[in-house]
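Each remark here refers to the structure printed beneath this line.
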Amino acid sequence: MTHPPLDTWESARHRRSVLWVVSLATLVMMFDGYDLVVYGTILPILIDDANQLGQLTASHAGLLGSYALIGVMVGALLAGAVGDFLGRRRMMLINIAWFSIGMGLTALSTDLTMFGIMRLLTGIGIGGLVATTVATVGDFAPAGKRNLYNAIVCSGVPIGGVLASLLAIVLRDAIGWRGMFWIGALPLITLLPLALVKLAESPRWLIARGRTERATEVSARTGIPLPATDSTTDVDTGKVGFAALADRQYRWGTALLGLMSFVALLLSYGLNTWLPKIMENAGFDAKGSLSFLLVLNGGAVLGGLFASKVADSTGPKRVITTTFFLAALAMVLLTLGAPLSVLLVAVAVAGVGTIGTQVLIYGFVAGYYSTAARGAGVAWCAGFGRLGGILGPVIGGVLLASGMSSQSAFYVFAVLALVGGTVTFFVRNPRHGRTIPPTLDRSVGDGVSPPSAPHLLR
């Protein structure tokens, strides 16, 4: 059978339906990014003013910052355990409501204990949302646009970070840290109603669960085509969810993808939490230090989109390896006492190599697994990766509390980025155990064979 091009639209309705999914998913991820950065923007207030929630030291602040990430890890793993059974749409709706309520309750915290508990509970909703959203985009996006659309969606994370930085610069003094968290609760009354109306269930997921009649109905209503029945690339292990990840075809790649996500999120959360404080210690004023956070996330947005476009042509593996190494180079540049203009460029490149790299990893993962394992695969990388996210703020806090210079901290992060690039190099094709050729790795798990090289998949 001759397959259509990987980026073909079946109809205008198909294109419109997918764009609605991508738009909603991007908005969802913006609030994940907002949550990622908002703690770093309010941290100087909590440390400097014990009247807010109590006395907070740098080392305790790093530990407190990790609570939300523990919740994210738990939420992602829970989503992986049940998301491939309950469905993409239902999990997204539940988690939008969950994290919105959590943000509102965080704003009502009266002491550090309550603040930490609310951050942990909020993180559960965010973790479930991230895992489900990436899997949803993997189901809906045409194979030839998967990396680009995933990058657009996941660029919502650094866009949310930019939004948090800008709002902190403009509004933090006026609305306080509680107001910053109330903003994070807005999806409950804005995004959730829109998702209820516009978000369809994935026909690909319905087919994988044996609900063919329902899949046909959704396909007819939305224009989203049913998956090809003669797929040579959508590996069917006969298992669903986490059980499929332990299959011989996936286990090695699963371990390496988890390590990649671990390193990328450690760098992302470590920098987003401590970059303002590090720059403040280096002599920049409060708003100047927040500006570095803005540049970090802005660089991740623009660089991540460009890198994802390249990944759709050359394959994500090569691009991810490169961005990890660029992050290491940027960290070293930050230690050299360069002029402000060079520092800003280095921070932007660091954003591409850390936050932007995690965006690319999610796209890689979404295409690596079959439909029946996609939700669990993304959840594994989001969940295990959050262990790195948990360590990032803690490591930064320990380094600063020990009196270590900011230069030494950046060297530690540079070494970790090199480790991430090296791990990426060894990811292999789940079907044959070979290193993934750059022209083929974008199609793994998408259910459509690349017409240019079908013989390599036999």
Legend entry - Centre separation in Å (Cα based) which lies between the range 73-88 and the range 151-171: 26 Å
Inset, instruction - Note the angle between two axes, namely the Cα long axis of helix 88-107 and the longest principal axis of the Cα atoms of the chain, as a number of degrees from 0 to 90, rounded to the nearest 10. - result: 10 degrees
Inset, instruction - State the extension gain, in nm to one decimal, for the chain segment bounded by Ala174 and Trp252, taking 0.36 nm per residue of separation less the distance between their alpha-carbons. - result: 23.0 nm
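If the only charges are +1 at each Lys and Arg Cβ and -1 at each Asp and Glu Cβ, what is the size of the charge dipole of the range 13-448 around the Cα centre, to the nearest 20 debye?
In debye, rounded to 20, the range 13-448 gives about 1160.
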Legend entry - Cα-based Lys proximity count in the range 13-448, under 17 Å, for pairs eight or more positions apart or on separate chains: 4
Inset, instruction - Using θ = phi - 60° and the Karplus relation 6.51 cos²θ - 1.76 cosθ + 1.60, list the HN-Hα couplings for the range 355-362 in order, rounded to whole Hz, with x at every Gly or Pro. - result: 5, x, 5, 5, 4, 5, 5, 4
Legend entry - Cβ-derived FRET efficiency at R0 25 Å, Leu418 paired with Val342, nearest 0.05: 0.75
Inset, instruction - Rounded to the nearest 10 degrees, what's the angle between the helix 251-281 long axis and the longest principal axis of the chain, both from Cα atoms, 0 to 90? - result: 30 degrees
Legend entry - Shape of the range 34-95, Cα gyration tensor, a/c cut at 1.5: prolate
Inset, instruction - Take every Cα pair under 8 Å in the chain that's 6+ residues apart, average their separations, divide by the length, and report that relative contact order as a whole percent. - result: 27 percent
Inset, instruction - With just the Cα atoms of the range 1-141, tell me how far they stretch along each of the three principal axes, in Å, largest first. - result: 67, 27, 23
Inset, instruction - Just grab the label-to-label distance for Phe426 and Glu10, each label 7 Å out from Cα along the Cβ direction, in nm (one decimal). - result: 4.1 nm
Legend entry - Sites Ser313 and Trp182, calculated FRET efficiency, Cβ-Cβ separation with R0 56 Å, nearest 0.05: 0.85
Legend entry - Qualifying trypsin sites (Lys or Arg not before Pro) for the range 333-436 [loop in DSSP, other Cβ within 10 Å: at most 12]: Arg434
Legend entry - Gain in span if fully extended, Thr113 to Ala50, counting 0.36 nm per residue against the direct Cα distance: 21.3 nm
Inset, instruction - Select from the range 154-205 those chymotrypsin sites (Phe, Trp or Tyr not before Pro) which occupy a DSSP coil region and have at most 11 other Cβ atoms within 10 Å, ordered by residue number. - result: none
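If the chain between Leu196 and Ala81 were fully stretched, how many nm would it gain, using 0.36 nm times the residue separation less the Cα-Cα distance? Please report the intermediate quantities before stating the final value.
On the way: separation 115, 0.36 × 115 = 41.40 nm, distance 2.31 nm.
Full extension of this stretch gives 39.1 nm more.
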Inset, instruction - Enter the angle in degrees (range 0 to 90, nearest 10) between the Cα long axis of helix 406-425 and the first principal axis of the Cα atoms of the chain, meaning the one along which they spread out most. - result: 10 degrees
Inset, instruction - Could you work out how far the C-alpha centroid of the range 289-362 sits from that of the range 3-71, in angstrom? - result: 18 Å
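Please arrange Thr321, Thr254 by counting, for each residue, the other beta carbons lying within 10 Å of its beta carbon, fewest first.
Numbers: Thr321 19, Thr254 26.
Fewest-to-most Cβ neighbours within 10 Å comes out as Thr321, Thr254.
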Legend entry - Positive-end residue, the range 13-448 charge dipole about Cα centroid, Cβ charges, pick of Thr133, Met29, Gly156: Thr133
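Does the chain come out rounded, prolate or oblate by the C-alpha gyration tensor, with a ≥ b ≥ c the root eigenvalues, rounded set by a/c under 1.5 and, if not, prolate when a/b is larger than b/c and oblate if not? Display every interim value, and only then the final one.
Working: a/c = 2.01, a/b = 1.48, b/c = 1.35.
Verdict is prolate for the chain.
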Inset, instruction - Show the residues, 5+ positions off or on another chain, whose built amide H is closer than 5 Å to the amide H of Ala141. - result: none
Inset, instruction - Could you order peptides 340-348, 68-76 by the average number of other Cβ atoms within 10 Å of their residues, highest first? - result: 68-76, 340-348
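Since every read-out is calculated from the coordinates, none of them should be taken as a lab result. Just so we're clear, the structure is a prediction, and the values are computed from it rather than from any experiment. Quick reminder, even Gly has a Cβ in these numbers, built from the backbone with ideal geometry, and neighbours come from all protein chains shown.
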